[in-house]
Amino acid sequence: MNQKLLENKVIVITGGSGLLGRSFVSCVAEHGSVAVIADTDQAKSSRFMQELSSAGADDHVVFIKADITSKTSLESLISELHHRFGKIDALVNNAYPRNTSYGAKFEDVTYDNFSQNVSMHLGGYFMASQLFAGYFKKQGYGSIVNMASIYGVVAPRFSIYEGTDMTMPVEYAVIKSGVIHLTKYLAQYLKGSNIRVNCICPGGILDQQPEGFLSRYNSFSGTKGMLDPKDLQGTLLFLLSDLSKYINGQNIVVDDGWSL
Ligand SMILES: NC(=O)c1ccc[n+]([C@@H]2O[C@H](COP(=O)([O-])OP(=O)(O)OC[C@H]3O[C@@H](n4cnc5c(N)ncnc54)[C@H](O)[C@@H]3O)[C@@H](O)[C@H]2O)c1
């Protein structure tokens, strides 16, 4: 693959210090872009920056503490990037805000917790998109990639969680189907302004899940089963680069056939 697919771009990855974010940051920096980690977790981000530095891979990476649920924080992120680089090429909406009650079974989700989680995650993606799209409009170009999930596309397979503490939270289904449609809405709304908006729906990502769950999950997969963060890199690169110049408002499912 062309090593400089994203040469001289400035790409913001919210939640850039998380499981998928770290992989995205490394990948876009390797392909010639400035990768901006926009994350609330200062300590985790500092550790990540340290790791990149030890590996000699921090040249094109910057960390700016930012919170997608705060308009002030997003505005100062955009303003700082404009001052430092004079432009922003793309936003990857990848943060994963959730409150301490997130992950409860359907019967146990309160109205307040439901509303708060939807507001932080889907609302945060909305607000980041609104503010970055405003900047992109003035600039004359831009791109947004939203991270959704297969659970925004298909109904959950609750049986794979049996015997574990895990479930597929109702908020997540609502948030991720909302993210997919937010993508289409924005692509249509911004049509003609040289701003593309697309979406990626990953399947489950391997992260120390219990054995029984893994074998039940993997039985629905094609060849690999749960994916690794690296398995999403190609799709992100494609959507951020000119290879997908005329792809707009689309959703790409990357799940090894799990949702078929
Ligand atoms: N991990 C999976 O299996 C999986 C599968 C499908 C989709 N996804 C989606 O991919 C995205 C990333 O998931 P992940 O597994 O890497 O999550 P993660 O929890 O590992 O990382 C999320 C990051 O977001 C940061 N964050 C939290 N609230 C924030 C806020 N308000 N503003 C800015 N940053 C904030 C956290 O500090 C963390 O570094 C999410 O949208 C998630 O729904 C993940």
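The values are calculated or read from the model by the stated rules, or taken from the named source; none is laboratory data. Fair warning: this is a prediction, and the values are worked out from it, not measured in the lab. All Cβ positions, glycine included, derive from the backbone under ideal geometry; neighbour counts span all protein chains shown. The area values use the complete protein model at the heavy-atom level, side chains included, leaving out ligands, DNA and RNA. Shrake-Rupley method; radii C 1.70, N 1.55, O 1.52, S 1.80 Å.
Here are the numbers:
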{"read-out": "Kirkwood hydrodynamic radius over Cα pairs of region 1-46, then Stokes diffusion coefficient at 20 °C and 1.002 mPa s, in µm²/s", "value": "203"}
{"read-out": "Span-rule helices in the chain, defined as complete DSSP H runs reaching 30 Å or more along the axis (Cα) with Kyte mean at least -1.0", "value": "111-139"}
{"read-out": "Lys, Arg +1 and Asp, Glu -1 on Cβ, resulting dipole of the chain about Cα centre, debye, nearest 20", "value": "880"}
{"read-out": "Integer Hz, Karplus 6.51/-1.76/1.60 couplings in order for region 160-167, x for Gly and Pro", "value": "6, 8, 4, x, 10, 7, 8, 8"}
{"read-out": "Distance between modelled label sites at SER215 and TYR111, nm, 7 Å Cα→Cβ extension", "value": "4.4"}
{"read-out": "Chymotrypsin sites (Phe, Trp or Tyr not before Pro) within region 138-215: DSSP coil, no more than 16 neighbouring Cβ in 10 Å", "value": "TYR141"}
{"read-out": "Cα lying deepest toward the dipole's positive end in region 95-178, options ALA133, ASN146, PHE106, charges on Cβ", "value": "ALA133"}
{"read-out": "Whole-number percent relative contact order across the chain, with pairs defined as alpha carbons under 8 Å at least 6 apart", "value": "18"}
{"read-out": "Anisotropy class of region 14-135 from Cα gyration tensor, a/c 1.5 cut", "value": "oblate"}
{"read-out": "Dipole of region 10-254 [Lys/Arg +1, Asp/Glu -1 at C-beta], most positive-end residue of HIS31, GLN250, ILE160", "value": "GLN250"}
{"read-out": "Centroid-to-centroid separation of region 149-197 and region 59-120 [C-alpha atoms, Å]", "value": "16"}
{"read-out": "MRE, 222 nm, helices only [DSSP H, n ≥ 4, -39500 (n - 2.57), over the chain, to nearest 500]", "value": "-13000 deg cm²/dmol"}
{"read-out": "Built amide H within the under 5 Å cut-off of VAL92, gap 5+", "value": "VAL12, ILE13, THR14, VAL145"}
{"read-out": "Surface per residue (accessible, 1.4 Å probe) for region 78-133, Å²", "value": "52"}
{"read-out": "Where the Cα pairs of the chain fall when distances are cut into 5 Å bins, in %", "value": "1, 6, 13, 17, 20, 17, 13, 8, 4, 1, 0"}
{"read-out": "LYS138 paired with PHE85, simple spin-label distance in nm, labels 7 Å along Cα-to-beta-carbon", "value": "1.7"}
{"read-out": "Share of carbon and sulfur in the accessible heavy-atom surface of the chain [1.4 Å probe, %]", "value": "52"}
